[in-house]
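Single-structure report; data block below.
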Amino acid sequence: MQTVVLVLVEVLIVIGLSRLVGLAFRWIKQPLVIGEIVAGIMLGPSLFGLVAPGLSASLFPPETLPFLNVLSQIGLIFFMFLIGLELNPKYLSGNIEIAILTSHVSILVPFSLGALLALLLYPLVSNASVSFTAFALFLGAALSITAFPVLARIITENNLHRTRLGTLALTCAAVDDVTAWCILAVAIAVAHTGSFSKAIPTILYSLLYILLMVTVGRWFLQNLANHYRRTKRLNQFVLALIYMLVVASALITELIGIHLIFGAFLLGVVMPKNAGLVRELAVKTEDFVLIFLLPVFFAYSGLRTQIGLLNHPNLWLLCLVVLTAAILGKYIGTYVAARVSGISHQESSALGWLMNTRGLTELIVLNIGLSLGVISPLLFTMLVIMALVTTFMTSPLLEWTYPKTQIRLDMVESEPEEETATETTPNNSDPHNRPYRILVPVANPGTQKGLLQLACALAINYRQSAIVHPLSLIEFQEDYVFESTPVEADRLIMERLQQLEELTSRLEPVAIRSYVQPIIRISNNVARTTAEIATLQQADLIIVGWHRPAFSKNRLGGRVGQILSSAPVDVGVFIDRGQERLDRLLVPYSANIHDDLALILALRLLVNHDTCSLIILQLLPDDQVKNELSYELRNILEQLPQNVRDRIDIKIIEAVEPIQVVVSASQDVDLTIAGTSRAWGIERQTLGRYTDELAIQCRSSLLITRRYSQVSSHLASVLPNPQPEIRSRE
């Protein structure tokens, strides 16, 4: 009983640390799985055992390792089932000839380098009890494998799945996955029997079982899929039957002489790819596997990873040789094959880095090799380091080789054509004639009509072309979840597009709907992606709806606060009180650049709409400021047409509590526009906390503005004689 309690304590520690370290790696734009692998290594002799050997020995004694091994093997079985389940034939539908050539060459080159390295490493890190053939096969497989789940995640999160590169990478990785697992199966068979000739019966039995699964097995599973199609639900009986089949298939491949994981993987592959069945089965299975069982596998692997074994410069040099062979073999093989197939230099290079992704798949191969005794703990450690480095480097090198501006250009399904801009703008290179763009992050299309209506009111007029981009970001928080697979991501994108189109169809008047062009992207960081898209689209303004953060009552906290802090353009935060008209505007004004933006946007609304009127409440602490502000206000007002100036009423505020004056005045208007300033109780305070006094008390809808650029212009292109806007103040 004491051992069971200790195992449960270990699991508790493993899950907690995996989540924390995984989230830290997600924050630096790395796959969650890398953080979880590192967490496992931290719990082993490489860190925890080094820093606190006594405590490490007490928490992770040898007698608990078999229990962790059993849990990790169960996790691997069901994880491999998920990989096979999510290996959709659609990934093999495009560029199949190029993909077969590229993926096989990308395996052949590193595999050959691995075989050559085996000649060097075998005498140094192995012994005569290990077959050289099995050693060379395992080393070649370890260097040539690509982790399809991690690759698919990276492609989806970088919005590459709708580009030529993303489609080709997925196809190559799918072919690579199947080929690499076949090589590994042969390597395991040779390791069990001692030579290739003795492994032939095992290979033949494996081929016979594969044939049985793709015929009889697929027929039986198709009946289950037909049952699901009729009932539209996956009940517990059917789910239990599928899980039994997973375990049974794993046992059969273990008895044949390859490994448990192959049976589970094969069952996932032959499972009919009914979209609903696959989705529900994956969702029901993956959470427990990914949150509970796989971290145990990482910890078990970490307990067997001993970086301290690399205790000599020569050994680190040997590790560097292995790493170099793995990176260059995969990159050069992929790059050369892609170039021969007619792929451009940039796409071939990016494809080479993508195919270098190894991740968890590599760790599975290494653990099998270590368990069979084919690779030593020293080589195991070297190859774990190689797996971490090659996966860690993928995202940065992809960004460097294939930046987001190029991704946007290479979209297979490009953004809607900017007809308004091209028809009405004679020279888009002129900053005063280019389309005026507003980016509108839309979290919930069903409730944010007012947000989009305001953006259209600000953007659209007959003097300047305009585009309003509702931005919907589909955020994936975890790794390997079914939703992050490219096929499922495409389904979610189409579903979100329909929601945005329905939102657009409710805008009034009808004529403004043609100016609305939705943007839908995958993201793992909403604020960062919003800022990136604002830069790519050359947005003039971001208007975002407020939301209440999970751990605060502040309307300008959470993601809204992150966008306010990071977006490289002017930002407005809209608090919608339900007013449908925007005829009466109020701008409380003080000596603040953010209030300058509030006034500028109010004047743009005034210019755009003949029915608008504006009240400017001017906060004046003393006569000196009064003269200065009056001069600047008059300066810009003089540039406006007379019919616009007639609709502006300037009032002077001399009050101890100016916020209450603004609140009182807001009762009689449709929209109040105020800058982030101390005068209105809306400012950034210590430790990034925001106050929002006016946001709470304001009686009308409220637009809170934050100015970024001191040179941006929202008025110059719509005035008869463009002049500089209000001078920005430090």
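Bear in mind these aren't lab numbers, they're just calculated from the coordinates by the rules spelled out. Just so you know, these numbers come straight off a predicted model, no measurement behind them. For neighbour counting, all protein chains shown are included, and Cβ atoms are generated from backbone atoms with ideal geometry for every residue, glycine included.
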**Request:** Starting from the amide H of Asp570, placed 1.01 Å from N in the peptide plane, find each other amide H under 5 Å away whose residue is 5 or more places distant or on another chain.
**Result:** Ile542, Tyr708, Ser709
**Item:** Over 32 Å (Cα to Cα) - which of Lys273/Lys449; Lys198/Lys284; Lys273/Lys330 fall in this group
**Value:** Lys273/Lys449; Lys198/Lys284
**Asked** What's the angle, to the nearest 10 degrees (0 to 90), between helix 218-231's Cα axis and the longest principal axis of the chain?
**Response** 30
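Provide the FRET efficiency to the nearest 0.05 for the Gln236-Asp610 pair, computing r from the beta carbons and using R0 = 56 Å.
With a Förster radius of 56 Å, E is 0.30.
Taking the highest mean first, how do the peptides 528-534, 594-600, 231-237 order by number of other beta carbon atoms within 10 angstrom per residue? Don't skip to the end; give the middle numbers.
On the way: 528-534: 21.3, 594-600: 25.1, 231-237: 10.7.
Taking the mean over residues of other Cβ atoms within 10 Å, the ranking is 594-600, 528-534, 231-237.
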**Asked** What Kirkwood radius, in Å to one decimal, follows from the Cα pairs of segment 1-93?
**Response** 15.1
**Asked** So what's the gap between the Cα centers of segment 107-148 and segment 494-520, to the nearest angstrom?
**Response** 56
**Asked** Mind checking the angle between helix 196-212 and the chain's longest principal axis? C-alpha axes, 0 to 90 degrees, to the nearest 10.
**Response** 50
**Request:** For segment 250-260, take each phi angle, set θ = phi - 60°, evaluate the Karplus expression 6.51 cos²θ - 1.76 cosθ + 1.60, and give the result in whole Hz per residue in order, putting x for glycine and proline.
**Result:** 5, 5, 5, 5, 5, 5, 4, x, 9, 7, 3
**Extent along principal axes [Cα atoms of segment 57-211; Å; largest to smallest]** = 49, 41, 34
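Taking 8 Å as the Cα distance limit and 6 or more residues as the minimum spacing, I'd like the relative contact order of the chain as a percentage.
13
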**Prompt:** What is the packing order of peptides 206-215, 447-456, 30-39, taking the mean over residues of other C-beta atoms within 10 Å and listing the highest first?
**Reply:** 30-39, 447-456, 206-215
**Complete:** Taking Cα atoms, the helix 526-536 axis meets the longest principal axis of the chain at an angle in degrees (rounded to 10) of 70
**Complete:** Here segment 510-520 yields Karplus 3J(HN,Hα) values (6.51, -1.76, 1.60; θ = phi - 60°; whole Hz; Gly and Pro given as x) of 4, 4, 6, 5, 5, 8, 8, 10, x, 10, 10
**Item:** Under 5 Å, built H, 5+ apart or other chain: amide partners of Ser701
**Value:** Arg577, Gln579, Thr672
**Message:** If packing is taken as the average number of other Cβ atoms within 10 Å across a peptide's residues, how do 288-294, 330-336 rank, most packed first?
**Reply:** 330-336, 288-294
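As a test of the formula, what do you get for the chain when each DSSP H run with n ≥ 4 contributes -39,500 (n - 2.57) and the sum is divided by the residue count, at 222 nm and rounded to the nearest 500 deg cm²/dmol? Can you show the working numbers first?
Working: 30 runs with 428 residues, N = 730.
Theoretical 222 nm ellipticity from helices: -19000 deg cm²/dmol.
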**Request:** Sort out for me the Cα centre separation of segment 1-62 from segment 311-344, rounded to whole Å.
**Result:** 30
**Radius ratio Rg over Rh of the chain, counting only Cα atoms, Kirkwood formula for Rh** = 1.06
**Item:** Per-selection Rg to Rh, segment 2-408 - Cα, Kirkwood hydrodynamic radius
**Value:** 0.95
**Asked** Counting only residues 5 or more places away or on other chains, whose amide H sits under 5 Å from the amide H of Tyr589 once H atoms are built in the peptide plane?
**Response** Leu617, Gln618, Leu619
